[in-house]
Amino acid sequence: MARPAQVRLSAAALQHNLGRVRSYAPEAKVMAVIKANGYGHGLGWAARVLSQADAFGVASVEEGITLRRAGVTRPVCLLEGFFRNEELALLAAERLSTVVHHERQIRDLEDFSGSAPVDVWLKIDTGMHRIGFDPQRAASAASRLRACKSVGALGLMSHFANADNKFDSTTSFQISLFNDLAASIGGERSLANSAGIVAWPESRLEWVRPGIMLYGVSPMIGQGGGELGLEPVMTLGSEIIAISRRRKGEAIGYGGDWVCPEEMPVGVVAIGYGDGYPRHVPAGTPVLVNGRRVPLIGRVSMDMITVDLRDQPGAQIGDPAVLWGAGLPVEEIAARAGTIGYELLCQVTPRVPRVESEER
Ligand SMILES: Cc1ncc(COP(=O)(O)O)c(C=O)c1O
């Protein structure tokens, strides 16, 4: 019998969430961000299910080529740009567009003559202070790129630092700086990530770039995906593989730091940090057993966790357990682990089989 840990992927939920993006930003074209293996859901699967998106955002030329080999014909953009000038021939041949965020990349494009022009998004640093041209240098970077024979269409892009917080004034500042620059430089504009799409209507512009909300996870601090009408795409599930009755005072698992306060049933679920379940979640983190919450107890092991079954005395070996997804938002588990839903989705390990489903 196969190990019961598995990821269930809901195509219906992914399409529903793309619909939510369209209803937030009906005028905008959608560049679906599917980098990092489709936020852990599978690059090819995400592209196939999101075939109605207007373009795709990836992080490397390899991801772009994978999409082309899978038959994706829509625009594909390298959101981190190209890393070496040798990649430019591939970009031209495979019709991959690229972010340009650095002087060296402009020089590479000036020196390049390829089989076809490469479409470029000029990245401007409006306040994230990670990659992008300083606002004062944006106009001259744009005119050099426009003068390049190797460059096709030129768009303008920037990225939010704090849009997940509705009350942070940095975002309004970024929006007005970006729009002022775009008014003088021209070209299509792309600013909004998921948080921009949800909470900052004036950032939606010609192109939006949703990532996390497509996968059903809230981009906003203090709001769950369900409140935004999003549906979880990934459900990480497994089964109970053992149940034992423990006596008062018995310690559970490595380190023995969780001690039974009374005689009680303890269940073991086949999931652990070797599957990408976070090792640092504390006792009390919810697990859905038979659709009802029970608390995790003891430390997370590589392949197993232990749960308190006092509220489910009828639970049996083989009963289903959900670690996150349908019925248990990944945001909640991430908060317990001191991280964000993005990380948990991306870190499910390859040993966990993916089961694709048309249902929600
Ligand atoms: C440049 C860029 N645009 C858009 C996104 C999508 O962001 P989110 O997943 O928060 O919607 C990302 C993700 O990191 C990004 O790096």
Checklist line | Nitroxide proxy distance, nm - points 7 Å out along Cα→Cβ at Ala183 and Ala242 | finding: 6.8
Checklist line | Spatially near lysine pairs across the chain, Cα under 27 Å, sequence gap of 8 or more or different chains | finding: 7
Next item on the list: Kindly state, to the nearest 0.05, the FRET efficiency for Ser143 paired with His280, given R0 = 35 Å and r defined as their beta-carbon distance.
Entry: 0.10
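Each reported figure results from applying straightforward, stated rules to the coordinates on display, with no laboratory input. Everything quoted here is computed from the prediction, not taken from an experiment. Cβ atoms come from the backbone with ideal geometry, glycine included; neighbour counts cover every protein chain shown.
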